[in-house]
1. Mind giving me the FRET efficiency for R201 and Q98? R0 is 41 Å, r the Cβ-Cβ distance, nearest 0.05 is fine.
2. Provide, for the chain, the number of lysine pairs with alpha carbons under 21 Å apart, each pair being eight or more places apart or on different chains.
3. Using Cα centres only, tell me the gap between region 162-201 and region 15-65 in whole Å.
4. ³J(HN,Hα) across region 44-54 via Karplus (A = 6.51, B = -1.76, C = 1.60, θ = phi - 60°), whole Hz, x for Gly/Pro?
5. Calculate one ³J(HN,Hα) per residue across region 181-197 by plugging θ = phi - 60° into the Karplus curve 6.51 cos²θ - 1.76 cosθ + 1.60, and present them in order as whole Hz with x for glycine and proline.
6. Quote the relative contact order of the chain in percent (integer), defining contacts as alpha-carbon pairs under 8 Å separated by 6+ residues.
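Derivation of every value follows stated rules applied to the coordinates shown; laboratory data play no part. This is a predicted model, so every value here is computed, not measured. Methodologically, a virtual Cβ is constructed for each residue, glycine included, from the backbone with ideal geometry; neighbour enumeration extends over all protein chains shown.
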Amino acid sequence: MERTRKPQQERAKKTVEAIIEAGFMFISRQSKETLTTTKVADIAGVSVGTLYEYFGNKEEILDAMYARFSEDVTAMLREVTPEVIRKTPDQGILHILQHLREMLSRDNQRYLHCAALLSQNLPEQHVAPIRQVLATLSLQYLSRNPEYINLPNLPVMNYIMTHGGIAALVHQLSSDDPMVTFDELSQGLATMARHMIEGSRRDAEQANP
């Protein structure tokens with residue numbers, strides 16, 4: 001079932017925001033399997049009928065939550081791009097991870113409270129925009145730093161950052177007893193990227209002495 005009406009007026013937009021926020025509040029306490037439209041409506045303070053004006057079922061609510069997370073991550077990446085492209089690769093990654101940490105901690109840490117949902121269930125259509133923004137960031141980085149332009153592993157680094165780095169960071173920040181600290185994790189990801197780049201540069205130099 002498709003959403004029956006898109007919010008046009010300010011009041012309608014606030015209602016949709018309240019429903020999405022209620023979804024995050026529910027998932028932070030219970031699993032997505034126990035989520036129902038009735039429970040979300042109760043938390044949002046709206047009737048079930050009002051909820052169904054904007055969301056056809058609970059899957060559409062979950063999809064809106066995934067979309068919100070993806071939108072916030074991509075907005076953060078666009079914001080930090082001008083600064084990142086002026087740094088070395090490892091320092092650029094550290095800069096991204098620090099800002100990601102700040103984003104995840106906003107709004108009473110709602111994303112961290114929903115860590116399992118976001119790190120394990122993010123649909124491909126909401127991962128793709130994050131990957132695309134990272135690819136654009138990489139192109140801008142190469143334009144400013146042409147010495148890295150022939151490195152073959154940049155797509156691999158993008159994949160690792162999208163599918164591994166973000167998920168690992170969400171898990172670390174949301175864990176009550178993390179195996180590593182945030183600094184250790186972020187430094188490890190940055191060091192891994194630096195080693196990949198240095199290895200590729202050595203291979204290129206040996207192939208073209």
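1. With R0 = 41 Å, the Cβ-Cβ based efficiency is 0.95.
2. The number of close lysine pairs in the chain is 8.
3. With region 162-201 and region 15-65 each reduced to a Cα centre, they are spaced 33 Å.
4. 6, x, 10, 6, 4, x, 5, 4, 6, 5, 10
5. Calculated HN-Hα couplings, in order: 7, 4, 4, 5, 5, 5, 5, x, 5, 5, 5, 4, 5, 5, 5, 4, 5 Hz.
6. 21
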